[in-house]
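Below is one structure, written out as structure tokens; comments come after it.
The values are calculated or read from the model by the stated rules, or taken from the named source; none is laboratory data. Being a predicted model, the structure only gives us computed values, none of them experimental. Every residue, glycine among them, receives a Cβ derived from its backbone with ideal geometry; neighbour counts consider all protein chains shown.
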Amino acid sequence: MSTKSKIKAGELNPFGELIGLKFNKCEAGYSQCTLEINQSMMNPFGKLHGGVMYSMIDTGMGIALLNCLSDNEHCATIEIQISYFSPVTSGTLICESRLICRKGSIGFMEAKVKDNENLIASASGTFSIIDNKKDQS
């Protein structure tokens, strides 16, 4: 396993930049990102669209796992299950993602989304770990 972080806080992917996702911590098996809510993220009922929060969780989990992988590996989402507990209309969300278990080519992740101290959503996700060398053949 590579010991250096592949993605550092402050670096981002283009989609993350599009929605305003900011990473404060990126470590092997852990990430913390924030998202400031704005009107363009709302559903027709004036609440944060669930897809925005899904994107935050998916990206946070992926970065936490990616930083555990060797230089010849990358990851892709297999599935994510999210429970939404409270609607969001404004403010800043904080998502903490952790690697729970890696077995072979599968990584199991968990994430919690909060606004300050209130738990807004909880998620678990399964990711495929792909060997770039095998993927190219």
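Among strands (runs of 3 or more DSSP E) entirely within region 61-137, having at least 3 residues that are hydroxyl-bearing (Ser, Thr, Tyr) singles out 73-84, 118-131. The listed residues are ILE106, ILE63, and the only one of them that is surrounded by 16 or more Cβ atoms within 10 Å (Cβ to Cβ) and in contact with a strand residue (DSSP E or B) (Cβ under 8 Å, 6 or more places away or on another chain) turns out to be ILE63. Listed conditions (1) buried (at least 20 other Cβ atoms within 10 Å of the Cβ); (2) touching an Asp or Glu at 6+ places or on another chain (Cβ under 8 Å) are all met by GLY91, apart from (1).
For region 8-27, check the following and say yes or no: at least one residue is modelled with pLDDT of 95 or more and not in a helix (DSSP H, G or I). Checked region 8-27: no residue is modelled with pLDDT of 95 or more and not in a helix (DSSP H, G or I). Looking at region 124-136, can you tell me whether even one residue there is basic (Lys, Arg) and modelled with pLDDT under 95? Yes, there is a match, as at least one residue in region 124-136 is basic (Lys, Arg) and modelled with pLDDT under 95.
Could you list all residues from region 116-137 that are surrounded by fewer than 16 Cβ atoms within 10 Å (Cβ to Cβ), of a type outside the set (Gly, Ala, Ser) and either out of contact with any strand residue (DSSP E or B) (no Cβ under 8 Å at 6 or more places or on another chain) or more than 13 Å from CYS68 (Cα to Cα) (or both)? Once the filter is applied, which keeps residues that are surrounded by fewer than 16 Cβ atoms within 10 Å (Cβ to Cβ), of a type outside the set (Gly, Ala, Ser) and either out of contact with any strand residue (DSSP E or B) (no Cβ under 8 Å at 6 or more places or on another chain) or more than 13 Å from CYS68 (Cα to Cα) (or both), region 116-137 yields ASN116, GLU117, ASN118, LEU119, THR126, ASP131, ASN132, LYS133, LYS134, ASP135, GLN136.
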